[in-house]
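These notes are about the structure you will find just below.
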Amino acid sequence: MHELSVAGAVVDTAIAHAAGRPVSVVTVRAGHLRQVVPRSLRFYFEIVARDTVVQGARLELEIVPGRLGCRACAHEWDVDSPAFRCPRCGGGDVTVLSGDELEVESIEVEEPTPCTA
Amino acid sequence: MHRVKVRVVEDALDANNTIARANRADFDRHGVTVVNLMSAPGSGKTTLLERALSHWHDGPRVGVLEGDVAGSLDADRLAHHHVPVVQLNTDNGFGGECHLDANMVRSAMDALPLDEIDMLIIENVGNLVCPAEFRVGEDARIMVSSVAEGADKPLKYPLMFRACELVVINKIDLIEHVDFDMDTFLYHLDAVHPGVTSLPVSARTGEGVDAVRSWLAALPDRVRAVA
């Protein structure tokens, strides 16, 4: 349900970088650990984008897999469920190597083609 | 017309985080330690605050920023305890935001008596998902989860249970009525957030609330030690 909030943040970021130009594509990297449901994010993205330069833009969504690292034993592993203890040594001092992203990577904007004639 | 690709590479919450840092700088300048209090609706955040602040004698001077979708019921309840309370509604007519963001807290800054308090407790809008995403300029986050919500909640809302420094397990007076298994809850909590402090309380009877008071009272020193 926080996809509405996330969609708002994504659209605001795109608007800030569009400098008034119409946006046709917004590319977002969302980490698996951020619990973003793609279908839901697309739905809200379309609604939030209405009446802005992002209206009608396509949302390209890349889900980044979750990967954790143990500070105690340096073991690294992939996570797809919320289990944050090291499976090797049982340590709890764990860093998120990837999967925490919520990043607008790029946007594609429409620009008038310069007249070359 | 032709298409141009613009590289952005920016956290979608950057704008919020920037304002959160500005809030934090303002709070720091006034020497105010800030707590973001989060939970699902009805977990007992307000009752916990009422209970904790009603026997609050020699701790830091506390003020409360009360976030609600609408109304001032919670603020009115807290005002009885002689604690400065500022109400912040997220409602913009019909329905409001499901969380507080940094800008909303910023908008309340002028109304907050920052010179008269040492600690500000921001009671977030009741919601188990969105508040986890939005920093507001706090030093610490407390998550309240009541036993009536069930022992599986850490697994279902890991984002929220990871984004806090203290988990208060409230309504323990109801345990026998709601089939809540404390060991299961703590097992799930440990999987999601290894080593996080948790305190079982009943805000209604007052059981365990002393430990929450102590945790809060010691927070400013802990925050300063880290800084």
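For residue B:34, the residues 5 or more places off, or on other chains, whose built amide H falls under 5 Å of its own are B:120, B:139, B:140.
Note on region B:16-133: with neighbouring protein chains present and a 1.4 Å probe, carbon and sulfur make up 50 percent of its accessible heavy-atom surface. Across region A:26-80 the C-alpha pair distances fall into 5 Å bins from zero in the proportions 4, 17, 20, 18, 13, 9, 7, 6, 4, 2, 0 percent. Dividing the convex hull volume of the alpha-carbon atoms in region B:14-220 by its residue count gives 118 Å³ per residue.
Note on chain B: dipole from Cβ charges, positive end direction compared against B:131, B:205, B:63; the farthest Cα belongs to B:131.
Heavy atoms of the protein chains alone define the surface here; on that basis region B:14-220 has 41 Å² accessible area per residue at 1.4 Å probe size. Take every Cα pair under 8 Å whose residues are at least 6 apart in sequence, average their separation, divide by the length of region B:14-220, and the relative contact order is 27 percent.
Loop-located trypsin sites (Lys or Arg not before Pro) across region A:43-117 with a Cβ neighbour count of 16 or fewer within 10 Å are A:50, A:71, A:88, with loop assigned by DSSP. Dipole size of region B:14-220 about its Cα centre, with +1 on Lys/Arg Cβ and -1 on Asp/Glu Cβ: approximately 220 debye, rounded to the nearest 20. What the Cβ-Cβ distance of residue B:175 and residue A:75 gives, at R0 = 25 Å and to the nearest 0.05, is a FRET efficiency of 0.10.
The magnitude of the dipole of the protein assembly as shown, with charges of +1 and -1 set on the Cβ of Lys/Arg and Asp/Glu and taken from the Cα centre, is near 540 debye.
Over the protein assembly as shown, DSSP H runs of length four or greater, each weighted -39,500 (n - 2.57), average out per residue to a 222 nm ellipticity of -9500 deg cm²/dmol. Placing +1 on each Lys and Arg Cβ and -1 on each Asp and Glu Cβ, with no other charges, gives region B:105-227 a dipole about its Cα centre of roughly 320 debye. For chain A, carbon and sulfur atoms together expose 52% of the accessible surface, with a 1.4 angstrom probe and every protein chain in place. Here is the interface size for A with B: some 3000 Å² of accessible area buried, both sides summed, with a 1.4 Å probe.
Compactness check for the protein assembly as shown: Cα Rg over 2.2 N^0.38 Å is 1.07.
The values are calculated or read from the model by the stated rules, or taken from the named source; none is laboratory data. Note that the structure is predicted; figures quoted are calculated from it, not measured. Reconstructed Cβ throughout: ideal geometry from the backbone, glycine too, with neighbour counts over all protein chains shown. Note: areas computed on protein heavy atoms with side chains; ligands, DNA, RNA excluded. Shrake-Rupley method; radii C 1.70, N 1.55, O 1.52, S 1.80 Å.
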